[in-house]
Amino acid sequence: MFTKAYIPFRGYYSSPFAKWQGSLAQFHALELAASTVRRWLDERDLSPEVLDYLFLGYTIYQKQAFYGGPWVAAMLGAPGIPGIALSQACATSTSCLFQAAAGVELGSFETAGVVVCDRTSNGPHVVWPNPSGPGGEVLHENYLMDNFNRDPYAGNPMIRTAENVVTEMGATKAQLDEIAACRWSQYEDGLKQDRAFQKGYMFPVEAALSRKQTVRLDADEGITPATAEGLAKLRPVLEGGAHSFGAQTHPADGNGFLLVTTEDKARALSSDPGVQVQLCSYGFARVEKGFMPKAPVPAARMALEKAGIGIEQVAVVKTHNPFAANDLYFAREMGLAPESFNNYGSPLVFGHPQGPTAGRCVMELIEELALKGGGYGLFTGCAAGDTGAALVVKVST
């Protein structure tokens, strides 16, 4: 449980998410994140010197990422501060926010910057030495594809974990399609009034593709509309399974940034000092091998217990839902209607760059709570290795 850690209202941004092999596929994820953070700070008239420490979250290795946090800190204009790199697959943003909040709580620093980014496009191909191999042959892997398709412990691809949960629940493809269509409808709500909801937290990406050409991304790219009729026509990805491509997320590219600081500093850095955003608690879990979509439930229960509240006291719920099975299981276990959470969007629709995914969900959680006039919010999501992570935040207006 935290009592001293706050996020300034709109002291954060998420870039739009670009489709896999799309507009951001050629840009170094760490360099692009640093330049975008610097532009955002400049636009807010904030000096990078406001930062005492930096947490960098990413999961897909980039060239010279060995230098991680300190390199990103220097690129965004804060060369005098250290930084640490964290990676927990889909829970990376959650873990970074947890560590930043713990540092503020302990008084280790006053203000931390959380930079989260990933480029799932053009992932590295890794070669490992194999001294005992015949003829000096090497071991190799496609860093993204090989790991998405096989958990070295459970021995299965990620989609199989979702199908395992579907089988245990006795769920049907029609039920998953219904959730996917609902999530698309909720995402459309975030596009209304010229994307008014998204523009509360989203910041465009700009990068030079060449001396004469600049790429600018103002809105999500590669989003596929989902209707009940269209989803019904799609076949399951796995034979005998229930998830079509329309009932699962897609890899993407993007980045984000959040400030975590003290109550007084958050008020000073907030775009609206009348809105307070407190980080209340963190929860984590690991479930049985090969059942990843279950993990958000025990993680959420831990976070709620540490915050001293029940699910009935939560005004807004956001989940990281790479598969529709995640939300169906969560709804059943927590006693919620599937359509009652993930308003305005979720990774099932807007995509999954991994590192910044949960960060964007937390931003949407805060924005929706502010629209509702405050209250408690819960974010929870799964991560590779059958793990889960959750956060409870409180918005006061």
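Coordinate-derived values only; no laboratory data. It should be emphasised that the depicted structure is a prediction, and the values quoted were computed from it without experimental measurement. Because the Cβ atoms are built from the backbone with ideal geometry, glycine has one as well, and the counts that use them run over all protein chains shown.
Report the one residue of Ser47, Gly377, Ala207 whose Cα lies farthest in the direction of the positive end of the charge dipole of the chain (charges on C-beta: Lys and Arg +1, Asp and Glu -1; origin at the Cα centre). Value computed over the given set: Ala207. Shown in residue order for segment 281-287 are the 3J(HN,Hα) couplings computed by the Karplus curve 6.51 cos²θ - 1.76 cosθ + 1.60 at θ = phi - 60°: 6, 9, x, 9, 6, 9, 10 Hz (x for Gly and Pro).
With a 10 Å radius around each residue's Cβ, average the other Cβ atoms per peptide and rank 15-21, 214-220, 363-369, highest first.
On the way: 15-21: 23.1, 214-220: 15.1, 363-369: 24.7.
For the peptides 15-21, 214-220, 363-369, the packing ranking is 363-369, 15-21, 214-220.
Annotation for segment 361-395 versus segment 1-17: alpha-carbon center distance of 11 Å. Each residue of segment 144-149 was assigned a 3J(HN,Hα) from its phi angle through the Karplus expression (A = 6.51, B = -1.76, C = 1.60, θ = phi - 60°), giving 7, 5, 5, 7, 4, 9 Hz with x at Gly and Pro.
Please compute the length gained on full extension between Ser132 and Ser210, using 0.36 nm multiplied by the number of residues separating them and subtracting their Cα-Cα distance. Please list the in-between numbers first.
Numbers: separation 78, 0.36 × 78 = 28.08 nm, distance 4.46 nm.
Working it through step by step, the gained length comes to 23.6 nm.
Specify which residue in the list Leu234, Gln193, Pro251 is farthest towards the positive end of the charge dipole of segment 162-261, using unit charges on the beta carbon of Lys, Arg (+1) and Asp, Glu (-1), about the Cα centre. Going by the Cα projections, it comes out as Gln193.
Amide H contacts of His352 (H built 1.01 Å from N, in plane; Pro and chain starts excluded): His250, Ala252 sit under 5 Å, all sequence-distant by 5 or more or on other chains.
For segment 1-132, the relative contact order works out to 34 percent when only alpha carbon pairs closer than 8 Å and six or more residues apart are counted. Note on the chain: helix-only mean residue ellipticity at 222 nm, from DSSP H runs of 4+ residues weighted -39500 (n - 2.57) and normalised by residue number, equals -10000 deg cm²/dmol. So if I take the centroid of the Cα atoms in segment 282-360 and the same for segment 56-128, what is the distance between those two points in Å? First find each Cα centre; the distance between them is then 23 Å.
Taking segment 359-397, which trypsin sites (Lys or Arg not before Pro) meet the DSSP loop condition and have no more than 14 other C-beta atoms within 10 Å? Kindly include the intermediate steps, with their values, before the conclusion.
Numbers: sites: Arg360, Lys372, Lys394; in loops: Lys372.
Here the trypsin sites (Lys or Arg not before Pro) that fit, given the DSSP loop and packing criteria, are Lys372.
Here segment 137-290 is treated with +1 on each Lys and Arg Cβ and -1 on each Asp and Glu Cβ, and its dipole about the Cα centre works out to around 240 debye.
What is the packing order of peptides 301-311, 287-297, taking the mean over residues of other C-beta atoms within 10 Å and listing the highest first?
Values: 301-311: 17.9, 287-297: 23.0.
Per-residue mean Cβ counts within 10 Å order the peptides as 287-297, 301-311.
Neighbours of Tyr12 by Cβ distance under 10 Å: Lys/Arg scored +1, Asp/Glu scored -1, total +1.
In sequence order, segment 88-102 has phi-based couplings of 9, 6, 5, 9, 4, 4, 4, 5, 5, 5, 4, 5, 5, 5, 5 Hz under the Karplus curve 6.51 cos²θ - 1.76 cosθ + 1.60, θ = phi - 60°, and Gly or Pro positions carry x. For segment 105-200, averaging the sequence separation of C-alpha pairs within contact (under 8 Å, six or more residues apart) and dividing by the residue count gives a relative contact order of 12 percent.
Assuming charge only on the beta carbon of Lys and Arg (+1) and of Asp and Glu (-1), the dipole of the chain about its Cα centre is about 220 debye to the nearest 20. Identify the GluC sites (Glu not before Pro) of segment 1-101 meeting these criteria: DSSP loop state and at most 15 other C-beta atoms within 10 Å of the C-beta. Qualifying residues, ordered by number: none.
Positive end of the dipole of the chain (Cβ unit charges, origin at the Cα centre): among Thr36, Met334, Ala112, the Cα lying farthest that way belongs to Thr36. Protection proxy ranking, highest mean first, for peptides 109-120, 313-324: 109-120, 313-324, where packing is the per-residue count of other beta-carbon atoms within 10 Å, averaged.
Mind checking the dipole of segment 1-123: about its Cα centre, +1 per Lys or Arg Cβ, -1 per Asp or Glu Cβ, Debye to the nearest 20? Write out the running numbers ahead of the final one.
On the way: 8 positive and 9 negative charges, 76 e Å.
So the magnitude is around 360 debye.
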